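Chemist: Here's a structure for you.
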Amino acid sequence: MQNRFIQIAAISGALCVIIGAFGAHALKPHLDAYQLSIYEKGVQYQFYHTLALLAVGLLEKQGGIAKGLRLAGWFFLFGIICFSGSLYLLACRDLLPFPVGWAGPVTPLGGIGFIAGWGLLWTVKVKM
């Protein structure tokens with residue numbers, strides 16, 4: 001049986017590489033240094049939390065027991081979408097044909113998702 005969080009981590013990891021390469025090659029000439037740093041911060045946090053999603057999947061596969069384990073995975077995914085996604089939009093705001101000012105308040109919601117995910121991992125016990 002496939003583990004959902006391992007599959008999500010695999011997709012997110014591939015997206016990290018694609019999004020990072022797109023920023024480094026296609027967007028770099030169009031973004032100033034500050035915008036590029038915001039974009040790179042999104043990639044960085046997406047990658048860290050992709051590894052956290054992978055850990056959730058591996059803990060689950062090893063018999064991780066906690067109500068919070070799956071919830072931690074969903075919070076990490078929520079954080080990736082809100083935190084990193086909003087940073088990608090904000091970094092590219094001058095290139096997009098629609099306003100993205102609404103994304104600014106979404107960023108801290110993603111950060112709260114990350115914090116909640118890490119906090120929930122504390123509840124995990126693993127059977128050996």
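Let's see how each residue does on (1) of a type outside the set (Val, Ile, Thr); (2) surrounded by fewer than 20 Cβ atoms within 10 Å (Cβ to Cβ); (3) not in a loop (DSSP other than H, G, I, E, B):
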| residue | (1), (2), (3) |
| --- | --- |
| Gly73 | yes, no, yes |
| Gly79 | yes, no, yes |
| Cys82 | yes, no, yes |
| Leu89 | yes, no, yes |
| Leu95 | yes, yes, no |
| Pro108 | yes, yes, yes |
| Phe114 | yes, no, yes |
| Leu120 | yes, no, yes |
| Thr123 | no, yes, no |
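Chemist: Is there a residue in the range 61-69 that is in contact (Cβ under 8 Å) with a residue 12 or more places away in the chain, surrounded by 20 or more Cβ atoms within 10 Å (Cβ to Cβ) and not in a helix (DSSP H, G or I)? So that I can check it myself, show each step before the final result.
Modeler: Narrowing the range 61-69 to residues in contact (Cβ under 8 Å) with a residue 12 or more places away in the chain: 61-69.
If we keep only those that are surrounded by 20 or more Cβ atoms within 10 Å (Cβ to Cβ) too, we end up with 64, 69.
Subsequent filtering for residues that are not in a helix (DSSP H, G or I) retains 64.
Checked against the condition, which is being in contact (Cβ under 8 Å) with a residue 12 or more places away in the chain, surrounded by 20 or more Cβ atoms within 10 Å (Cβ to Cβ) and not in a helix (DSSP H, G or I), the range 61-69 yields at least one hit.
Chemist: Working carefully through the options Leu27, Leu87, find the one that is among the aliphatic types (A, V, I, L, M), farther than 21 Å from Ala9 by Cβ and in contact (Cβ under 8 Å) with a residue 12 or more places away in the chain. First the steps, then the outcome.
Modeler: Details: Leu87 fails: farther than 21 Å from Ala9 by Cβ.
Result of the check over Leu27, Leu87: Leu27.
Chemist: How do the pairs read when you match residues in the range 95-109 that are under 16 Å from Gln46 (Cβ atoms) with residues anywhere that are of a type in the set (Gly, Ala, Ser), using Cβ under 6 Å and keeping only pairs 6 or more apart or on different chains?
Modeler: Short answer, once both residue conditions are applied: Ala103/Ser86; Val106/Ser86; Thr107/Ser86.
Chemist: Look at the range 28-39 and say how many of its residues are surrounded by fewer than 16 Cβ atoms within 10 Å (Cβ to Cβ) and in a helix (DSSP H, G or I).
Modeler: Taking the range 28-39 as the starting set, the residues that turn out to be surrounded by fewer than 16 Cβ atoms within 10 Å (Cβ to Cβ) are 28-30, 32-34, 37.
Imposing the further condition that a residue be in a helix (DSSP H, G or I) reduces the set to 28-30, 33-34, 37.
Residues in the range 28-39 being surrounded by fewer than 16 Cβ atoms within 10 Å (Cβ to Cβ) and in a helix (DSSP H, G or I): 6 in total.
Chemist: In this structure, does Tyr48 turn out to be without any contact (Cβ under 8 Å) to a residue 60 or more places away in the chain and crowded, with 21+ Cβ neighbours inside 10 Å? Break it down stepwise before answering.
Modeler: On the way: without any contact (Cβ under 8 Å) to a residue 60 or more places away in the chain: yes; crowded, with 21+ Cβ neighbours inside 10 Å: no.
Here the answer is no, as Tyr48 does not meet what is asked.
Chemist: Given the residues Ala26, Ala103, Ala21, Ala66, which is the only one that is in contact with a Ser or Thr (Cβ under 6 Å, 6 or more places away or on another chain), modelled with pLDDT of 95 or more and hydrophobic (A, V, I, L, M, F, W, C)? Steps first, answer last, please.
Modeler: On the way: Ala26 fails: in contact with a Ser or Thr (Cβ under 6 Å, 6 or more places away or on another chain); Ala21 fails: in contact with a Ser or Thr (Cβ under 6 Å, 6 or more places away or on another chain); Ala66 fails: modelled with pLDDT of 95 or more.
The unique qualifying residue is Ala103.
The values are calculated or read from the model by the stated rules, or taken from the named source; none is laboratory data. What you are looking at is a predicted structure, and each value in this text was computed from that prediction instead of being measured. Here Cβ is always computed from backbone atoms with ideal geometry, including for glycine, and neighbour counts include all displayed protein chains.
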